[in-house]
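Note sheet for the following structure.
The values are calculated or read from the model by the stated rules, or taken from the named source; none is laboratory data. Note that the coordinates shown come from a computational prediction; the quantities given were computed from them, not determined experimentally. We place every Cβ from the backbone using ideal geometry, glycine too, and count neighbours over all the protein chains shown. Heavy atoms of the whole protein, side chains included, go into the accessibility calculation; ligands, DNA and RNA do not. Shrake-Rupley method; radii C 1.70, N 1.55, O 1.52, S 1.80 Å.
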Amino acid sequence: MSPLISLLASTPNGLRGTLWMPPRASTAAGDTDGLFYFIYYLCAFFFILIVGVTLLFIFKYRRKRSNQRTSPIEGNQRLEIIWAVIPAILLVVIFLWGFRGYLGLAVPPAEAIDVRVTAQKWSWTFDYPKLGVSGATELIVPEGRAVKLTMSSRDVIHSFYVPAFRVKKDVIPNRYSVLWFEATERGTYDVMCAEYCGTGHSKMITHVKVVNPGEFEDWAKSGGGGPPDGAKLFAAKGCVACHSLTKDRRGLPGPPLAGKYGSTETFADGSQLKIDDNYIRESVTQPMAKVVKGFTPVMPTFKGQLNDAQIGALIDFIKTLK
Ligand code: CUA
């Protein structure tokens, strides 16, 4: 197969992805791709047919003499029935195919692993209430088991999207939305926000890691994989969307953080304070308490989103920024 053909065609397991589709890593992906390619090739077929016949007729029935008159054709019932019935059947096939897939995605299996997903500007948090893991910044799931996500947002509308799983659903404040999948291939896949939610929307990215069931159990038993890492949290929690790690603000909405620890800061009300652990902790949980002079108070609170160990790791990370 030529490289172009292999890019265009859907490979048997879809592992590498195609020109149109990312790798295929969940049980829902096959059905979604099948319907996508059915509609795609159907459109391509009719496009070529209709444009081809149009071009042919333009040539065949062109006016050949200046006094030539149009043929007096008023209609053709047989032709009209054919071009109404065939597309109608095709549309019903597309509807039934899509509806069957929709029902499969709408009802999570009873034995699914429960994960709570919290979205906020501009990060994702994953809690596993029955496994005692909370505050994970990446979604870790076992291969070959159904996972049910119960999702809500702390601020605006976001949308949870895993292209490799072919699943996407809006995440809305004051309401739970449910999404489920069963991963079929081990690996790391992108999780994106698919609903414009402000400045940091394009940085609202994390990963879903599909591991084997034994690894998943070990991970859950360890409470979610060892001590928190401040640098990773800083990226995963979306802090990067607003705070530069250098002394230069770089056009971002929040104060740059390099060299801030231990320095004296002036606040909107004119008061001053030396930046220490307590100030950082307060700013993370109550961002409106002491807003730095010259900055708009737009930071969302991370209260309840970060546990003590995670806040400690963030403070230690900010200390290292010189
Ligand atoms: Cu969250 Cu876009």
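Return the loop-located trypsin sites (Lys or Arg not before Pro) in region 59-153 (DSSP other than H, G, I, E, B) with at most 10 other Cβ atoms within 10 Å of their own Cβ; answer none if there are none.
Values: sites: Lys60, Arg62, Arg63, Lys64, Arg65, Arg69, Arg78, Arg100, Arg116, Lys121, Lys130, Arg145, Lys148; in loops: Arg62, Arg63, Lys64, Arg65, Arg69, Lys121, Lys130, Arg145.
Sparse-neighbourhood loop trypsin sites (Lys or Arg not before Pro): Arg62, Arg63, Lys64, Arg65, Arg69, Lys130.
One chain, two ends: Phe47 and Ser222. Fully extended at 0.36 nm per residue, the span grows by 57.4 nm beyond their Cα-Cα distance. Among the lysines, select those whose C-alpha is under 16 Å from the C-alpha of Lys148, and discard any that sit fewer than 8 residues away in the same chain. In chain and number order, the partners are Lys130, Lys168, Lys169, Lys209. Helices meeting the span-like rule in the chain (full DSSP H runs, Cα extent of at least 30 Å along the helix axis, mean Kyte-Doolittle score of 1.6 or higher): 29-60. For Ile113, the residues whose amide H sits under 5 Å from its own are Ala146, Val147, Lys148, ignoring neighbours fewer than 5 places away on the same chain, with H placed 1.01 Å from N. For the options Ser202, Ser177, Ser271, a Gaussian network treatment of the chain with springs between C-alpha atoms closer than 10 Å singles out Ser271 as fluctuating the most. Each stretch of four or more DSSP H residues adds -39500 (n - 2.57); spread over every residue of the chain, this sum gives -10500 deg cm²/dmol at 222 nm.
Listed by chain and number, the aspartates and glutamates placed with their C-alpha closer than 17 angstrom to that of Lys260 are Asp248, Asp276, Asp277, Glu282, Asp316; residues fewer than eight positions away on the same chain are left out. Each Cα pair under 8 Å and six or more residues apart adds its separation to the average, and for region 54-161 the resulting relative contact order is 22 percent.
With each label modelled as a point 7 angstrom along the Cα→C-beta vector, the Asp248-Ala231 pair spans 2.1 nm. When you filter the chymotrypsin sites (Phe, Trp or Tyr not before Pro) in region 168-230 for DSSP loop state and at most 13 other Cβ atoms inside 10 Å of their Cβ, you are left with Tyr176, Tyr196. Taking 7 Å steps out from each Cα toward its Cβ at Glu282 and Trp97 produces label points 6.1 nm apart.
Taking every C-alpha pair closer than 8 Å and separated by at least 6 residues, the mean separation divided by the residue count of the chain gives a relative contact order of 14 percent. When the chain is treated as a GNM, springs tying every alpha-carbon pair under 10 Å, which of Pro22, Pro87, Pro72 comes out with the largest mean-square fluctuation? Top of the fluctuation ranking is Pro72.
Which of rounded, prolate or oblate describes the chain when judged by the alpha-carbon gyration tensor and an a/c cut-off of 1.5? Spell out each step's value before the answer.
Details: a/c = 3.00, a/b = 1.97, b/c = 1.52.
It comes out prolate by the Cα gyration axes.
Taking the protein heavy atoms of region 113-221 in the context of the full set of protein chains, the accessible area attributed to carbon and sulfur is 48 percent at 1.4 Å.
Per-residue 3J(HN,Hα) values for region 155-165, derived from phi via the Karplus relation 6.51 cos²θ - 1.76 cosθ + 1.60 with θ = phi - 60°, read 9, 10, 6, 10, 9, 7, 9, 10, x, 5, 9 Hz in sequence order (x marks Gly and Pro).
Got a sec? Which residues in region 155-177 would a label at Phe36 touch, if it sits 7 Å along Cα→Cβ and we count backbone N under 15 Å? Hits in region 155-177 for Phe36 at 15 Å: 161-169. Computed over neighbours whose Cβ is under 11 Å from that of Asp276, the net charge equals +1, Lys and Arg +1, Asp and Glu -1.
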